[in-house]
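Structure first, then comments.
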Amino acid sequence: MTQCDAPPPLSRWETALMAARLFAIDPAGLGGVSVIAGPGPVRDLWLERLRGALASGAPVRRVPAHIEDDRLIGAVDLTATLASGRVVLQMGILGEADGGIVLIPMAERLSAGVAARIAAVLDRRELVVEREGLARRIPARIGVVAFDEGVSPEERLAVSLRERFAFHLDLRDLSARGLANLAIDPSETAAARLALASVEGPSADVVEALVATAAAFGINSVVAPLLALRAARVAAALAGRRAITEEDAVLAARLVLAPRSQMMPDEAPDETEPPAPPDDPGADEDGDDDDDDDTEPATEPPNLEDIMLAAVQAAVPDDLLAKLKTGAGGPQPTGRNSRLGAAKSSALRGRPTGVRMGALRPGSRLALVATLRAAAPWQAVRRNDQVARTVSRPIEVRREDFRFKRFAQRRESTMVFCVDASGSTAFHRLAESKGAVEMLLAEAYVNRTFVSLVAFRGHGAELLLPPTRSLTRAKALLANLPGGGGTPLAAGVDCAVLVALAERSKSREPLVILLTDGRANITADGQAARGRAMEEALDSSRRLAAQRIAAVFIDTSARPRAEGSDLAAAMNARYVALPYVEASAVCDVARGAASEFFTEPLRPR
Amino acid sequence: MFTMKIYFPFAAIVGQDDMKFALQLVAVDRNIGGVMVFGDRGTGKSTAVRSLASLLPHMQVVTGCKFNCDPGSPVETCADVCDARRDKHCPTHKTVPVPVVDLPLGATEDRVVGALDLERALTRGEKAFEPGLLARAHRGFLYIDEVNLLEDHLVDLLLDVAASGENIVEREGLSVRHPARFVLVGSGNPEEGELRPQLLDRFGLSVDVRTPGNLADRVEILKRCDAFERDPEAFDALWRNENESASALIAAARERLGEVAVSDDALEAMSRLCMATGADGLRGELTLLRASRAAAALAGDEAVGDAHIRRVAAMALRHRLRRNPLDESGSTARVERALGEVFAS
C-alpha cells in the first residue's frame with residue numbers, strides 16, 4: 001500500500017466534499033449518501049466534515065446492522081408507563097434522528113427487513129409506530145449515511161435503500177491528506193438551508209436535460225433524476241441563487257447520475273437493452289447531433305443536455321467505466337435475506353433476532369424478561385378479576401403474555417456438482433465445465449455453502465469429493481479430473497441423488513448441478529447400449545424429481561438436442577443450453593437458479 | 001393538532017395504467033379481492049395506493065364507532081363492543097373518507113388485531129378493547145408495502161381475516177369479534193424475495209409496474225413530483241377536478257355493477273381461458289368474471305364483452321399459473337398467448 005504512483009486526482013475529494021456539503025443542507029430531501037469505505041482515517045475525516053456542516057444540534061444516530069425493531073422503531077417505555085399511568089413511548093432511533101442523520105456502519109450487512117423499514121421512513125418522512133398497544137406517527141425527516149464495508153462487489157448495501165440516496169461515493173484508496181486543506185464553511189450551509197425553500201421551480205430545460213441524461217446513461221429510474229433535481233435546487237441555494245441555473249443542474253447530474261451509469265451514451269444502444277421503448281425514437285440517442293426535435297437547432301451553442309452529457313461522462317468513476325466496458329453488470333444485492341443460504345427462522349438455534357408472541361410449543365424458548373414486561377402493565381386489571389382475587393400471586397402472568405425467543409439460523413446448503421467427464425464431453429468442454437465449477441466453488445466459499453463433486457465416465461460414477469467446505473481440496477481434485485470413456489449418465493445422476501439425500505438428512509438443502517451433454521450410452525450394468533442407457537438416465541432423473549431435489553441441468557453439448565431438455569424436464573430441473581459454454585455464463589445461470597431456489601420457503605419434508 | 005397528510009392525487013399519476021385500472025376495479029367491486037402490485041422501485045406503487053382514499057366516494061359510519069360500522073346494515077357483529085351503537089338508541093352517523101390503512105413493517109400482532117387498551121387498564125384498571133389496524137381498515141383498504149418482508153405469521157393472519165371478513169380476539173378474558181372486511185393491497189419487489197404461491201393466489205388481481213420508458217412521461221413525472229413537493233396544497237387543488245371526476249366514475253360504476261349482463265358466451269370464453277392457461281382452481285374464473293364485470297361497469301357498458309375480458313385477463317390470471325420450469329416466458333406472455341387462442345377460434 002505504498003503511494004509510489006501518482007496521487008489520486010483531487011477532484012474525487014472535491015466531489016466527496018461537495019456531496020457532503022449538499023447533503024448537510026437537506027439530508028431528508030437528498031435521502032442519503034452511500035460511502036464505500038472501510039473504517040479508517042479517510043472515512044472519519046469525511047464524516048467529521050459532514051457533521052460539522054449539519055444544522056447545529058442536528059441529531060446523529062448510529063444504526064447497527066442487526067438492530068431490532070424495539071430500538072429502531074420504538075417500544076413501550078415500561079418504567080415510565082407504569083410510573084405515570086400513561087402509555088409512554090420509548091422512541092426508536094429513526095424517530096430520535098428527526099432533523100438529523102442516521103449512520104449505518106457495515107451497511108452491507110443490513111438485512112432486507114431493516115433496509116425496508118428505513119426506506120419507508122425516507123419515503124414518508126415520518127415513522128409509523130404500530131407496536132405493543134401504541135399507535136403513533138412521529139415526524140422523521142432523516143438522511144442516511146451508509147458506510148459500505150463489503151469486500152466483494154456482491155457484498156453491497158441493499159439496492160432498495162441505495163437507490164433512494166442521492167449520492168454514491170467511493171472513498172477507497174483515497175488519502176486522508178487530500179482532504180486536509182478542504183473544508184466546509186458551516187455558515188454557508190446554514191444560509192443555504194434557509195434559502196432552500198425560496199428556490200423557484202426548475203425550468204423545463206433543466207428537467208428535460210436531467211431525464212434525458214439519465215436515460216442516455218442507461219439509468220432506468222425516475223428516482224435518479226428526481227434526486228438530481230433536488231440536488232440542483234440545493235446547489236442553487238448554496239450559491240445564493242433563487243433559480244436553478246445550468247451550472248447547478250450540471251453539478252447535480254455529475255454527483256447524482258454519474259455513479260449510477262449503466263452504460264456510456266456513445267455505446268450503440270440497440271445492442272444493449274434500450275432504456276426507452278421504440279415509441280420514443282431518439283430518446284436514448286446520445287446528444288451529439290440528432291437531438292429530440294423539440295430542442296434548439298444544431299446551429300445554436302451547445303444546449304444544456306450536451307453540456308450535461310459531457311460533464312457526467314467525465315465524472316463516471318474509472319472503475320465503473322471499466323466495468324461498463326466489460327459489460328459486467330453483476331447481480332444486484334437486495335439485502336442479506338435473499339441470498340444463497342438465506343436465514344431461516346428456528347425455534348432453537350442460531351442468532352437471536354428478537355421475541356415473538358404465541359402459544360407455548362414444545363421446544364420454544366421463553367423470553368422471561370419480555371414475558372414479565374408484557375405482563376407488568378396488566379397487573380392492576382388482573383387483580384380486579386374475580387378469579388385472581390381468590391389466589392393471590394405476586395405477579396399474574398397469563399398465556400397471552402408469553403414471549404418467545406426467535407432465532408435466525410443460516411440455512412445451510414450443499415451444491416452437488418455432477419460432472420460429465422466422458423469422452424464426448426472431455427474433448428471440448430471438460431475444461432470449461434471445470435472452470436465453471438471452480439467459479440461456483442468460489443461463490444460457495446463466500447456463502448459458506450458445502451460442496452460435493454461427483455464425476456461420471458467410463459463405466460460408472462464416483463463420489464470424488466464428499467460434502468466439504470474445503471475449497472482447496474475441491475480445486476485440486478477438479479484439476480486432476482481425467483476425461484474420456486463412455487457416458488454412464490444414469491449412474492452419475494443416481495450417485496448425485498444419494499449424496500443429495502444424505503445431505504438433506506443432515507438438514508442441509510441440496511442443489512444438484514449437472515453438467516453434461518446428455519448423450520447417455522453406458523447402462524447401469526456397464527454395457528454400451530445407447531437406447532437403454534437413455535431410458536435409465538430418464539428413470540434416474542425422474543427419481544431425482546420425485547425426491548423434490550432442486551437441480552440445474554447445464555447442457556454442454558455443441559448443438560443442444562432434445563435429449564438434454566427431456567432429461568431436464570424429467571428431473572424438473574432448470575434447463576440451460578449453452579452451446580458455447582463460458583465459465584462466467586454457467587456461473588451466472590447456476591447462481592441465479594441457486595438463489596431462486598434458496599429464497600423459496602422451506603419445503604415440507 | 002393532527003393535520004391530514006396530503007397525498008399525491010391519484011389522477012396526477014403518469015402512466016401505470018394497469019396498476020391504476022386494477023385499483024379502480026377493486027374500488028368498484030370489493031369482492032374481486034386484493035391487489036398485488038409488483039414492480040420496480042420508484043414507480044409510484046405506494047403513491048397510487050395511498051392516494052386511493054381521495055378517489056373513493058365517501059362512506060357513512062356510525063358516529064363514534066371505532067369499527068367503521070355501517071349505519072345501513074342494522075346488525076353488525078361488533079355490536080357487543082361498539083359503544084357508540086350500544087349506548088345510543090338512535091345512533092347518528094357521519095360521512096367519512098374510505099379508510100386506506102398502512103400496515104408498516106415492524107407492526108406487532110397486538111396492534112394489527114387489536115388488544116386491550118393499555119392506558120385504561122393502567123389508569124382505571126378497566127378492561128377495554130382497543131381496536132387494531134384490522135378494525136380501522138374495515139370497509140376500506142389495508143396496504144402493506146414490501147409484503148414479502150412481512151413476517152409469515154402476520155401474513156397468514158391477514159389472509160385469514162381477509163377471507164373470513166371477521167376478526168376474533170381473545171385477550172385478558174375478553175372475547176371480541178368484529179367485522180373486518182377490507183381489500184388487501186400488497187406491493188413488493190420480486191427481486192427482494194418471492195411470495196409464496198399459496199399467498200399470491202389469495203390476491204384477486206396482480207399487476208406489474210415498470211418505470212416508464214418513454215422520456216416524455218419521465219419528464220412529466222419529474223415535473224409533477226417537483227410541483228407536489230414544493231406546494232402540496234396548490235398541487236392538490238390543481239388536480240381536484242380531475243380527481244373528482246375519477247371518483248364520480250367509480251361511484252357511477254358501482255351503481256351500474258348489478259345491471260351488467262354476462263352472457264353464456266362470455267362465461268364460456270372465461271372458462272376456456274382458464275383452461276388454456278392452466279390457471280389453478282375456481283378462484284381464477286371467479287375473479288375473471290368479477291373483474292370483467294367491473295371493467296364493463298367502469299366503461300359504462302351494459303354487458304361484458306370480449307374487450308373487457310381481454311383487458312383484465314392478465315391481471316386476474318397471471319399469478320395463478322402453474323410454474324413451468326421449461327417455459328422461460330413470463331406469465332403475462334402466457335396469458336396473452338391463451339387469449340390469442342381463445343379469441344381466435
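The values are calculated or read from the model by the stated rules, or taken from the named source; none is laboratory data. The shown structure was predicted, so the numbers you read here are calculated from the model rather than taken from an experiment. Using ideal geometry, Cβ is built from the backbone for each residue, glycine included, and neighbour counts are taken over all protein chains shown.
I need the full set of residues from region B:113-144 which are over 18 Å from B:C65 (Cα atoms) and within 18 Å of the chain's Cα centre (by Cα), in order please.
If the condition is that a residue be over 18 Å from B:C65 (Cα atoms) and within 18 Å of the chain's Cα centre (by Cα), then B:L142, B:Y143, B:I144 are the ones that fit.
Quick one: in region A:558-574, of everything that is farther than 17 Å from A:V416 by Cα, assigned to a helix (DSSP H, G or I) and touching a residue at least 12 places away in the same chain (Cβ under 8 Å), which residue is farthest from the other protein chains (Cβ to nearest Cβ)? Break it down stepwise before answering.
Within region A:558-574, the subset farther than 17 Å from A:V416 by Cα is A:558-567, A:569-570.
Filter once more, keeping what is assigned to a helix (DSSP H, G or I): A:562-567, A:569-570.
From what is left, the residues that are touching a residue at least 12 places away in the same chain (Cβ under 8 Å) are A:563-567, A:570.
Values: A:E563: 14, A:G564: 11, A:S565: 7, A:D566: 10, A:L567: 11, A:A570: 11 Å.
Within region A:558-574, the match that is farthest from the other protein chains (Cβ to nearest Cβ) is A:E563.
Quick one: would you say B:E268 is surrounded by fewer than 18 Cβ atoms within 10 Å (Cβ to Cβ) and over 18 Å from B:I309 (Cβ atoms)? Give the steps one after another, and end with the answer.
Values: surrounded by fewer than 18 Cβ atoms within 10 Å (Cβ to Cβ): yes; over 18 Å from B:I309 (Cβ atoms): no.
Criteria not met by B:E268.
Which residues, counting only those in region B:29-60, are polar (S, T, N, Q) and in a loop (DSSP other than H, G, I, E, B)?
Residues satisfying the conditions are B:T43, B:S51.
Any idea which residue in region A:72-84 is farthest from B:T108 (Cα to Cα), counting only those that are within 11 Å of chain B (Cβ to nearest Cβ) and surrounded by 15 or more Cβ atoms within 10 Å (Cβ to Cβ)?
Filtering region A:72-84 down to residues within 11 Å of chain B (Cβ to nearest Cβ) leaves A:72-76, A:78, A:81-84.
When the remaining residues are screened for being surrounded by 15 or more Cβ atoms within 10 Å (Cβ to Cβ), the result is A:72-76, A:78, A:81-82.
Numbers: A:L72: 14, A:I73: 11, A:G74: 11, A:A75: 10, A:V76: 12, A:L78: 16, A:T81: 18, A:L82: 20 Å.
Here the answer is A:L82.
With the requirement that a residue be surrounded by fewer than 23 Cβ atoms within 10 Å (Cβ to Cβ), in contact with a helix residue (DSSP H, G or I) (Cβ under 6 Å, 6 or more places away or on another chain) and farther than 19 Å from B:V155 by Cβ, what does region B:101-121 give you?
B:L118
Please enumerate the residues belonging to region A:160-177 that are small (G, A, S), surrounded by fewer than 21 Cβ atoms within 10 Å (Cβ to Cβ) and closer than 21 Å to A:L22 by Cα.
So the first thing to find is which residues in region A:160-177 are small (G, A, S), and the list is A:160, A:166, A:175-176.
Imposing the further condition that a residue be surrounded by fewer than 21 Cβ atoms within 10 Å (Cβ to Cβ) reduces the set to A:175-176.
Passing the criteria: only A:A176.
Going by what's in this entry, would B:I221 be described as closer than 21 Å to B:K45 by Cα, assigned to a helix (DSSP H, G or I), within 14 Å of another protein chain (Cβ to nearest Cβ) and of a type in the set (V, I, T)?
Working: closer than 21 Å to B:K45 by Cα: yes; assigned to a helix (DSSP H, G or I): yes; within 14 Å of another protein chain (Cβ to nearest Cβ): yes; of a type in the set (V, I, T): yes.
Yes, satisfied.
What residue, of B:G165, B:G188, B:G173, B:G140, is farther than 30 Å from A:A376 by Cβ, surrounded by fewer than 24 Cβ atoms within 10 Å (Cβ to Cβ) and within 14 Å of another protein chain (Cβ to nearest Cβ)?
Details: B:G165 fails: within 14 Å of another protein chain (Cβ to nearest Cβ); B:G173 fails: farther than 30 Å from A:A376 by Cβ; B:G140 fails: within 14 Å of another protein chain (Cβ to nearest Cβ).
Step by step, each of B:G165, B:G188, B:G173, B:G140 is checked, and only B:G188 is farther than 30 Å from A:A376 by Cβ, surrounded by fewer than 24 Cβ atoms within 10 Å (Cβ to Cβ) and within 14 Å of another protein chain (Cβ to nearest Cβ).
Of the residues in region A:135-159, how many are within 14 Å of chain B (Cβ to nearest Cβ) and buried (at least 23 other Cβ atoms within 10 Å of the Cβ)?
Looking only at that region, the number is 3.
Considering only region B:263-282, I want to know if a residue exists there that is at pLDDT below 95, among the basic types (K, R) and closer than 23 Å to B:F38 by Cα.
no
If B:D160 satisfies all but one of (1) more than 10 Å from chain A (Cβ to nearest Cβ); (2) acidic (D, E); (3) buried (at least 16 other Cβ atoms within 10 Å of the Cβ), what's the number of the condition it fails?
(3)
Would you point out which residue out of A:A212, A:A166 is within 8 Å of chain B (Cβ to nearest Cβ) and either aliphatic (A, V, I, L, M) or within 20 Å of A:T245 (Cβ to Cβ) (or both)? Can you show your working first?
Numbers: A:A166 fails: within 8 Å of chain B (Cβ to nearest Cβ).
Testing whether each residue is within 8 Å of chain B (Cβ to nearest Cβ) and either aliphatic (A, V, I, L, M) or within 20 Å of A:T245 (Cβ to Cβ) (or both) leaves just A:A212.
In region A:249-267, how many residues are assigned to a helix (DSSP H, G or I) and either more than 14 Å from chain B (Cβ to nearest Cβ) or surrounded by 24 or more Cβ atoms within 10 Å (Cβ to Cβ) (or both)?
Step one: list which residues in region A:249-267 are assigned to a helix (DSSP H, G or I), which gives A:249-260.
Checking the rest, the ones that are also either more than 14 Å from chain B (Cβ to nearest Cβ) or surrounded by 24 or more Cβ atoms within 10 Å (Cβ to Cβ) (or both) come to A:249-259.
Counting residues in region A:249-267 that are assigned to a helix (DSSP H, G or I) and either more than 14 Å from chain B (Cβ to nearest Cβ) or surrounded by 24 or more Cβ atoms within 10 Å (Cβ to Cβ) (or both) gives 11.
For A:V512, work out the one condition from (1) assigned to a helix (DSSP H, G or I); (2) under 30 Å from A:E412 (Cβ atoms) it doesn't fulfil.
So the condition that A:V512 fails would be (1).
What about A:R542, is it in the same structural domain as A:P467 (by TED's automatic domain parsing) and not in a helix (DSSP H, G or I)?
Numbers: in the same structural domain as A:P467 (by TED's automatic domain parsing): yes; not in a helix (DSSP H, G or I): no.
No: the conditions fail for A:R542.
Go through region A:118-168 and report how many residues are acidic (D, E) and in contact with a Pro (Cβ under 8 Å, 6 or more places away or on another chain). Spell out how you get there, then give the answer.
Start the filter on region A:118-168 by keeping residues that are acidic (D, E), which leaves A:123, A:126, A:130, A:132, A:148-149, A:154-155, A:163.
Subset that is in contact with a Pro (Cβ under 8 Å, 6 or more places away or on another chain): A:126, A:130, A:149, A:154-155.
Looking only at that region, the number is 5.
Answer yes or no as to whether A:L463 is touching a residue at least 60 places away in the same chain (Cβ under 8 Å), part of a strand (DSSP E or B) and outside the structural domain of A:G150 (by TED's automatic domain parsing).
It is false that A:L463 is touching a residue at least 60 places away in the same chain (Cβ under 8 Å), part of a strand (DSSP E or B) and outside the structural domain of A:G150 (by TED's automatic domain parsing).
Give the residue, chosen from A:V128, A:V207, that is without any contact (Cβ under 8 Å) to a residue 40 or more places away in the chain, in contact with a helix residue (DSSP H, G or I) (Cβ under 7 Å, 6 or more places away or on another chain), facing chain B (nearest Cβ under 8 Å) and not charged (D, E, K, R). Outline the logic, then answer.
Numbers: A:V128 fails: in contact with a helix residue (DSSP H, G or I) (Cβ under 7 Å, 6 or more places away or on another chain).
From the options A:V128, A:V207, the qualifying one is A:V207.
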